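Handing you this structure, nothing more for now.
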Amino acid sequence: KRQIIGKWLTFNDEQIKTLTLAGLLHDIGKLLVPDNILNKPGTLTDNEYEIMKHHVNLGYEQIKDKNLPLPVKEAILLHHEKCDGSGYPFGLKSPDIPAVAKIITIADVYDAMTASRIYRAPICPFEVVKMMYQDAFTKFDPIYAIPFLKNVVASYIGTNVKLSDGRTGNVVLINDNALDKPIVQCGNDYVNLSKNSGLSIVSLM
């Protein structure tokens, strides 16, 4: 997937290789987080959350002296930083967060929200895109977030979906100004979700 993101961002082969490696290794520190916290079905306590957050430091400690590109090491340590300073471990703001770390953050958030968890079902990708777009100019760097979200949505053209009114249809066209509200063909009708404020996609079929 990180290879695809690199192509979306018109990275060269070397940059794509680095991004792919960062994607593979960014959560290596979770191997050192206790299973009872990592796989807890309910909400983490404050103390458990602090232990979970420490996975970035644990991961960095494992690889800091290894022969890996610096952007990969930075991504392992900084992939939970947010551009508005609300992330961890350092509360960095956008100018101080390296590009590869920013991109891994975006992909990581999307993956986490669309994946099934012990404590919840996966969230519909279109709902995730809506939520992430709301953060695209604050928590994320729009230079990377907007192309990522546009390409994610475009990848669902041709997919069968269920609408909030119970109808099912096929995604035929993306609305650049409302990424979570594409045009959906339902039988002989073309439903422009951006013009139907009450309607939304609730699930993929």
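For the chain, set up a GNM with springs between Cα atoms under 10 Å and report which of G187, G169, G23 has the largest fluctuation.
Of the options given, G187 has the highest mean-square fluctuation.
Give me the percent of the accessible area of segment 1-99 that comes from carbon and sulfur atoms, probe 1.4 Å, all protein chains in place.
53 percent
Turning to a different aspect of this structure: Between the DSSP loop rule and a limit of at most 11 other Cβ atoms within 10 Å, which trypsin sites (Lys or Arg not before Pro) in segment 11-119 are left?
Those that pass, being in a loop and sparsely packed, are K64, K66.
More than 24 angstrom separation, counting every C-alpha pair in the chain; what % is that?
48 percent
While we're on this one: Please list the equivalent ellipsoid semi-axes of segment 31-124, computed as the square roots of five times the alpha-carbon gyration tensor eigenvalues, in descending order and whole angstrom.
23, 17, 13
Still on this structure, please answer the following. What residues of segment 138-167 lie in the reach of a label at D189, counting those whose backbone N is under 13 Å from a point 7 Å from the Cα along Cα→Cβ?
In segment 138-167, the label zone of D189 (backbone N under 13 Å from the point 7 Å along Cα→Cβ) covers 163-167.
Sticking with this structure for a sec: Using only the heavy atoms of the protein chains and a 1.4 Å probe, how would D13, D35 rank by accessible area, largest first?
D13, D35
Ordering R167, R120 by accessible area with a probe of 1.4 Å, largest first, what comes out?
R167, R120
Continuing with this model, one more query. Where a Cα-Cα gap under 26 Å defines reach, which lysines qualify for K40, not counting those fewer than 8 residues away within the same chain?
Counting by Cα, and skipping residues close in sequence, K40 has these lysines nearby: K30, K53, K82.
With a 1.4 Å probe and every protein chain left in place, work out the accessible area per residue of the chain in Å², rounded to a whole number.
53 Å²
Taking the radius of gyration and the Kirkwood hydrodynamic radius from Cα positions alone, what is the Rg/Rh ratio for segment 7-59, to two decimal places?
Taking Rh as the inverse mean 1/r over Cα pairs, Rg/Rh reads 1.18.
Would you list S86, S197, S203 from the most to the least accessible area, probe 1.4 Å?
S197, S86, S203
For a label point 7 Å from the Cα of I118 along Cα→C-beta, name the residues of segment 53-82 whose backbone N is under 20 Å from it.
Once the point is set 7 Å along Cα→Cβ of I118, 53-56 turn out to lie under 20 Å by backbone N, inside segment 53-82.
Which of the lysines could a cross-linker bridge to K17, judged by Cα under 18 Å and excluding same-chain residues fewer than eight apart?
Reachable lysines: K1, K7, K66, K73, K102.
Run down the aspartates and glutamates and flag those whose C-alpha is under 13 Å from the C-alpha of K93, throwing out any fewer than 8 positions away in its chain.
Result set, ordered by chain and number: E81, D84, D141.
How many angstrom separate the Cα center of segment 9-39 from the Cα center of segment 115-184?
Centre-to-centre (Cα) distance: 23 Å.
The values are calculated or read from the model by the stated rules, or taken from the named source; none is laboratory data. Computed from a predicted model, the values in this text were never measured in an experiment. Positions of Cβ are backbone-derived with ideal geometry, glycine not excepted, and every protein chain shown enters the neighbour counts. Quick note on the areas: whole protein, heavy atoms, side chains included, nothing else; ligands and nucleic acids left out. Shrake-Rupley method; radii C 1.70, N 1.55, O 1.52, S 1.80 Å.
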